[in-house]
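The structure appears below as structure tokens.
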Amino acid sequence: MLSPIGNRRIKAKKDAFVKLVTENKDKPWIICSHDNPDPDSIASCLGISHILGFLGVEDRIVTYCGEISHPQNRAMINVLQLRITKWHDIEPLEGIFVFVDCSFGQKNISIKEMPRVVIDHHKISTTNKDVLFMHDEVGACSTLVLDLALLVTQIGTVEDETETETETLQCFDPDEEGTKELATALAIGIKTDTLDFLNETTTTEDFQAFRLLGRHLSDEKLGRIVNYEFPPYVLDYEQTAWKNKRPEFQPHFIAGLGYIDETKSDCIPTIADKFMRLQGVQTVVVYGVVGNSIRASVRTSSSVLDCQTLCDDVFGKGNGGAKQGIGGARVPFNVFSPLEMNQEDKDLLWSLVKAQVEGRFERATTK
Ligand SMILES: [Mn+2]
């Protein structure tokens, strides 16, 4: 048997979780990610589904709202052949809801059902006595889910010709089919949510979990996901960004991409990350108009610029968030929807957006 990671809070709630599942194993279980799932929430949902299956729940579904648009996340789903269904595509379901990598009453989950279980690693402000919270502030939800999978065991029987023996089966079993894929998913969840272990929320438990997973994952599949293929439009937009750059702001970099289709909006963070690697660049803002709002990715490694302040200064307080030099913003146009404008008005709007954003950026970086 593999040793658990040793998170005390997960251990303390394990029995209550197993009891709840066992008592309700004949009901449907609905495992919900936050909106726009990331690798950590996808892997954690998959892990919870695996644990429920081990405990005898047959009817279970993993679901989400929003989009899975980042090419790496799509690669993860394809390479590992994960089954995850859009909330809108499933029949209205009655059953037991589990919220994963998020809690209820938050902006980042559009599913409004009340969960019976919450498993999360973010700060949680809401509580409810009817909800089983499995929570601790570690670097990734995947770390907590792996620990739970290592803690959950069952007595099974093995038969041979002469006798029946009982043995303890562990939910996370490297010899079981599908464990390699689960281990690969959880490893990517930890790797991305901790920003390769550089994020200040990273704990020793995240390292420990990753080390254990490293022994049981598929190297080949991990490689295909880490070095994911990206769609050609990323290069098109990269070219636009390069052409629209404002060299006079060096070492700060800003580029507008114009109007971007919702399904291609992942190119904004992808390009921002790439341009941060440019020699001499300290700050990057890449922005465009997606649907009914301006969307931006903000990055800085500058010792004098604070990423949150930069987001606030350029895009307005309350329209963006940042931590650890990585941020983003979304500024809605409200009733003035570019989607309903003619080309002339759209062109006018874009030049206005560009002048405002870049003017504010100049003031924010030179103050
Ligand atoms: Mn997470």
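Among the DSSP beta bridges whose two residues both lie in the chain, what percent are antiparallel, rounded to the nearest 5? Percent antiparallel among DSSP bridges in the chain is about 50.
When the pairs 243/323; 13/129; 27/123; 243/274; 180/221 are compared against a 18 Å limit on Cα-Cα distance, 243/323; 27/123 fall above it. Near the amide H of residue 203, within less than 5 Å, lie the amide hydrogens of 139, all on another chain or at least 5 residues away, with H placed in the peptide plane. A Förster distance of 25 Å, applied to the separation of the beta-carbon atoms of residue 355 and residue 236, puts the FRET efficiency at 0.55.
For residue 334 and residue 158, the FRET efficiency from 1/(1 + (r/R0)^6), where r spans their Cβ atoms and R0 equals 56 Å, is about 0.30.
Over the chain, calculate the relative contact order: mean separation of alpha carbon pairs under 8 Å at least 6 apart, over the residue count, as a percent.
Contact order relative to length: 13 percent.
For residue 96, nonlocal amide neighbours, meaning residues 5 or more places apart or on other chains whose placed amide H falls under 5 Å from its own, are 29, 30.
The residues packed around residue 2, meaning those with a beta-carbon under 10 Å from its beta-carbon, carry a net charge of 0 if Lys and Arg are +1 and Asp and Glu are -1.
Put simply, when 342-349, 209-216, 299-306 are sorted by average Cβ atoms within 10 angstrom per residue, most first, you get 209-216, 299-306, 342-349. Amide H to amide H, with H built 1.01 Å from N, residue 36 comes under 5 Å of 65, 66, 67, counting only residues 5 or more places away or on other chains.
Given the Cα-Cα distance of residue 128 and residue 366 and 0.36 nm per residue of separation, how much length would full extension add, in nm?
Full extension of this stretch gives 81.0 nm more.
Quick one: net charge around residue 233, please, counting Lys, Arg +1 and Asp, Glu -1 for every other residue with C-beta under 12 Å from its C-beta. Once positives and negatives cancel, what remains is -3.
Please list 142-149, 109-116 highest first by mean number of surrounding beta-carbon atoms within 10 Å per residue.
Order by mean packing, descending: 142-149, 109-116.
All of the numbers you see were taken from the coordinates with simple rules; none came from a lab. What you see is a predicted model, and the numbers here were worked out from it, not measured in a lab. All Cβ positions, glycine included, derive from the backbone under ideal geometry; neighbour counts span all protein chains shown.
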